[in-house]
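Asker: Got a structure here, written out as structure tokens. Questions coming.
Bear in mind these aren't lab numbers, they're just calculated from the coordinates by the rules spelled out. Because the structure is a prediction, the values reported are computed rather than measured. Don't worry about glycine lacking a Cβ; one is built from the backbone with ideal geometry, like all the others, and counts go over all protein chains shown.
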Amino acid sequence: MNRPGDLPLSPWALVSVSVILVNDHVLKGAFGNTMTGKLSDVAGVFLFPLLLLSVLEVLRRKLAGRAAIAWSIAVTGIGFAAVKTVSPIGDAYEWVIGFFRWTAGGFRGELLPIVVFRDPSDLWVLPILFASYLVVTHNRTRAPEGAPEHEVISPVPHPT
């Protein structure tokens, strides 16, 4: 997995998507408690930098470098913290996501915001960004398939 935009196909990203789908469509309806809210936060915060990098890579048609990786992690962390702690930003986020849902649903029904529970204790999930960083760097720093793992470069010619 070393092609631009392939990060969402990594096993960890697929697990994260599965957790979000099961949590949002089954567990929240059945239990709807603090644990299901935190589970969504963990999975979403883990997945978002991978999605950001993938979009960037597809647009640029090349793999992201370290600066882009750091940028995606920082944007995710700052954005999540702002949504959870700054009311006007959280309100705007609710309406933007509500708009995306409405458009994805074919503009049927009413345009309604989603509901985000603003709880500063949700910020404890931010360390999961380190796991995102590890997944990205593992996938982006390995040699491509078929390439030599390490190339030895010697400044002095070898005696024959």
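Asker: Spelling out what I want: for every residue of the range 61-77, take phi, set θ = phi - 60°, compute 6.51 cos²θ - 1.76 cosθ + 1.60 (Karplus), and round to whole Hz; glycine and proline get x.
Answerer: 6, 7, 5, 6, x, 4, 5, 5, 5, 4, 4, 5, 5, 5, 4, 5, x
Asker: Distance in nm between label sites at I89 and V55, each 7 Å beyond Cα in the beta-carbon direction?
Answerer: Using points 7 Å along Cα→Cβ, the separation is 1.7 nm.
Asker: Another question, if that's okay. Among L56, S87, L126, whose Cα projects farthest towards the positive end of the dipole of the chain, with charges put on the beta-carbon of Lys, Arg (+1) and Asp, Glu (-1)?
Answerer: My answer, from the dipole projection, is L56.
Asker: Still on this model: With N set to the number of residues, divide the alpha-carbon radius of gyration of the range 1-80 by 2.2 N^0.38 Å and report two decimals.
Answerer: Here the Cα radius of gyration is 1.22 times the empirical estimate.
Asker: Further question on the same structure: Which one, P4, V42, T137, projects farthest toward the positive side of the charge dipole computed for the chain from Cβ point charges (K/R +1, D/E -1)?
Answerer: Checked the options; the winner is P4.
Asker: Another one. Run the quick spin-label model on R66 and L27: label points 7 Å from Cα toward the beta carbon, then report their separation in nm to one decimal.
Answerer: With each label point 7 Å from Cα toward Cβ, the separation is 3.5 nm.
Asker: Ok, one more. Translational D (Stokes-Einstein, µm²/s) of the range 11-56 at 10 °C and 1.306 mPa s when Rh comes from the Kirkwood sum over C-alpha pairs?
Answerer: The calculation lands on 146 µm²/s.
Asker: Could I ask something else about it? Rule-of-thumb check for the chain: C-alpha Rg over 2.2 N^0.38 Å?
Answerer: In units of the globular-protein estimate, the chain measures up at 1.31.
Asker: In percent, what relative contact order does the chain have, based on Cα pairs under 8 Å that are 6 or more apart in sequence?
Answerer: 27 percent
Asker: Right, next: Compute the distance in nm between two label points, each set 7 Å from the Cα along the Cα-to-Cβ direction, one at A81 and one at V96.
Answerer: Taking the two extended label points, one gets 1.8 nm.
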